[in-house]
Amino acid sequence: MKEACERLLSTLPPIDTSCHPWERIFNPVHTRHQVKLFDVASRSPFVKAKRLVEQELGPLINRTLLGLGDREVTRPALLLSNKTSKELAHAQPPHRDWMLNNLKAALKHNNSFPVGVIISLHDSGELHVWPGSFDATEVNEKDRVTVRLDAGDIILFHGALIHAGAGYEGDDGEYHLRLHFYTQTAHGREAWPVVKLSWWGTSMTQ
C-alpha cells in the first residue's frame with residue numbers, strides 16, 4: 001500500500017490550497033483543506049489521482065480488507081492539514097461524518113452501513129476516535145484514543161463512530177496529506193444502534 005500511496009502522490013500537481021479545487025473544511029483555525037476528487041472534471045490536474053483512487057485503490061481495499069468486490073467507493077477526497085505552531089494545532093470537534101437519518105436508512109434499506117476509510121499519505125498522521133461510541137449520546141475527552149498512521153497505513157471505521165481529525169504541529173509551509181473515502185459493508189440491520197449525539201454539553205443535531 002505504501003507503494004500505491006507513492007504513486008498517488010506522484011500524480012498530484014503542486015500543492016496550493018488557495019486555488020481551486022482546494023477548499024476549506026471545518027476546523028477552529030482553518031488549517032484543513034480538501035479536494036473532492038469525485039467532483040474533479042476530466043481536464044483537472046487531479047483527474048489522474050481520481051482515476052487511481054476509484055479504479056485501483058478503492059476496489060483493492062474493498063476486496064482485500066472487506067472481502068467485497070462489488071461495493072461502490074463514494075466521495076473520495078484528499079484531506080490536507082497545514083502544520084502550525086503548537087498553540088494553533090487544534091483538533092476538530094468530535095463528530096460523525098454521516099447524518100443520522102442516512103445511517104438509519106442505510107441499515108434499513110440496504111442491510112449495510114457506511115464505512116469510512118482513511119489512508120495516510122505521509123508519516124505521523126493522527127486520528128482521534130472514541131471506541132464503542134456507535135450509540136453514544138455524549139463523549140468525554142478522557143475516553144479519546146489517538147490512532148497514529150504512517151504513510152501507507154489505513155484505518156477503517158463505522159459511519160457511526162465518533163472521531164476527530166488531529167491538529168498538526170510543525171513549521172510554516174509543512175502539511176500532512178491523506179486520502180479519505182467511503183464504502184459499505186453488510187452487517188445486518190441491527191448492527192450498532194444509532195442515536196443523536198451531544199458532546200460536552202452541546203447538542204449536535206444531524
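Just so you know, all these numbers are worked out from the coordinates, no wet-lab data involved. None of these values were measured; they are calculated from a predicted model. As a convention, Cβ positions derive from the backbone with ideal geometry for all residues, glycine included, and neighbour counts pool all protein chains shown.
Some values worked out for this structure:
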| quantity | calculated |
| --- | --- |
| For Asn82, net neighbour charge (Lys/Arg +1, Asp/Glu -1) across residues whose Cβ lies under 9 Å away | 0 |
| Relative packing of peptides 74-81, 147-154, 115-122 - highest average C-beta neighbours within 10 Å first | 115-122, 74-81, 147-154 |
| Simple spin-label estimate for Ala105 and His90 in nanometres, 7 Å along Cα-Cβ | 3.2 |
| Interchain or long-range residues, amide H under 5 Å from Ala91's placed H | Gly167 |
| From phi via Karplus (6.51, -1.76, 1.60), per-residue ³J(HN,Hα) for region 2-16 in Hz, x at Gly/Pro | 4, 5, 5, 5, 5, 4, 4, 4, 5, 7, 7, x, x, 6, 9 |
| Nonlocal amide H pairs with Gly125, under 5 Å, H built at 1.01 Å | Leu149, Asp150 |
| Chymotrypsin sites (Phe, Trp or Tyr not before Pro) restricted to region 22-61 and DSSP loop, no more than 15 other C-beta within 10 Å | Phe26 |
| Mean separation of Cα contacts under 8 Å, 6 or more apart, over the residue count of region 1-61: relative contact order % | 29 |
| Amide hydrogen neighbours beyond the local backbone of Phe113, cut-off 5 Å, H modeled | Thr185, His187 |
